[in-house]
Amino acid sequence: MKTIWNIISVLAVANLLALVGALAWLKVSDRLDVDRARSVRQMFSTTVTADKAKAEAVTREAEAAKTKEATEAKANKPPLTASEKLKSRVELTQLDDQRMQRMRREADDLRAALAKEREDLDKRWTQLTTDRKAFEQLVADSTSGVSDEQFRKSLDVLQGLKPAAAKQLMLQMLNDPQAQPPGFVQATETSDAETVKQRADARQARDVRMKQVTNYLNAMDERARGKIITEFTKDDPALAAELLEALRRHGQFARVDGAP
């Protein structure tokens with residue numbers, strides 16, 4: 001028991017000496033004086049909760065004083081005159097008018113954009129409908145042109161001829177004015193507009209005749225078709241090239257027509 005008491009006494013003396021040494025060091029290093037010691041004592045004299053309550057009370061008082069000051073300043077402000085009230089109302093009315101005009105412009109712009117988009121959609125739909133009808137007509141013309149019984153008979157005759165004779169017959173078909181479509185008028189000395197129309201009709205008539213010849217060539221067996229194209233190449237390579245291109249396009253159309 002005496003040993004334990006001695007140990008406690010030694011520890012207490014050591015702590016006291018450490019505390020005294022710390023205070024002496026603070027004093028010597030100019031970190032502690034009477035005012036600081038007093039402020040530290042005051043700081044620890046109250047609880048943290050009490051300090052927070054006091055700070056909140058000070059804040060509320062400051063806000064109340066500011067509100068009171070603003071109220072007094074507003075009360076001391078002289079009332080608006082009739083002209084000032086009128087001017088204020090006019091300004092508010094002008095602002096409302098400007099907002100209304102801006103909203104109307106935005107609505108007009110939106111309607112114009114929607115109308116233009118609708119117009120574009122209508123044009124695209126019209127073009128799509130026209131293209132579809134043209135394609136269906138092309139399908140019908142091509143199918144009737146190669147499946148007709150008379151066409152098969154004419155094809156048998158052409159394949160039975162010698163290549164040179166078949167070539168001459170097809171050349172006559174291309175140049176035959178009797179193969180013109182209904183409504184075609186032979187070009188004469190007319191006005192410029194009529195001349196342009198007649199030229200367009202002439203091109204259309206030649207396209208019809210080229211299509212007829214192409215149908216025959218496409219329906220032939222490969223050997224007979226090659227010999228006839230060779231005959232065209234001898235006299236008119238440009239026409240032979242045109243026929244080959246027409247055959248190429250005809251093949252593309254056939255693949256589309258037969259697609260599921």
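When the trypsin sites (Lys or Arg not before Pro) in segment 1-92 are filtered for DSSP coil states and for at most 15 other beta-carbon atoms within 10 Å of their beta-carbon, the remaining sites are Arg31.
Only one residue of Ser88, Thr126, Met100 has its Cα farthest out toward the positive end of the dipole of segment 84-132, where Lys and Arg carry +1 and Asp and Glu -1 on Cβ, and that residue is Ser88.
Placing +1 on the Cβ of every Lys and Arg and -1 on the Cβ of every Asp and Glu, with no other charges, gives segment 84-132 a dipole of roughly 120 debye about its Cα centre.
Cβ-to-Cβ counts within 10 Å put Phe44, Phe151, Phe135, Phe232 in ascending order as Phe44, Phe135, Phe151, Phe232, the fewest first.
Read-outs throughout are calculated quantities, based only on the coordinates presented, and are distinct from any laboratory measurement. Note that this is a predicted model, so its numbers are computed, not measured. Positions of Cβ are generated from backbone atoms using ideal geometry, with glycine treated the same way; all protein chains shown enter the neighbour counts.
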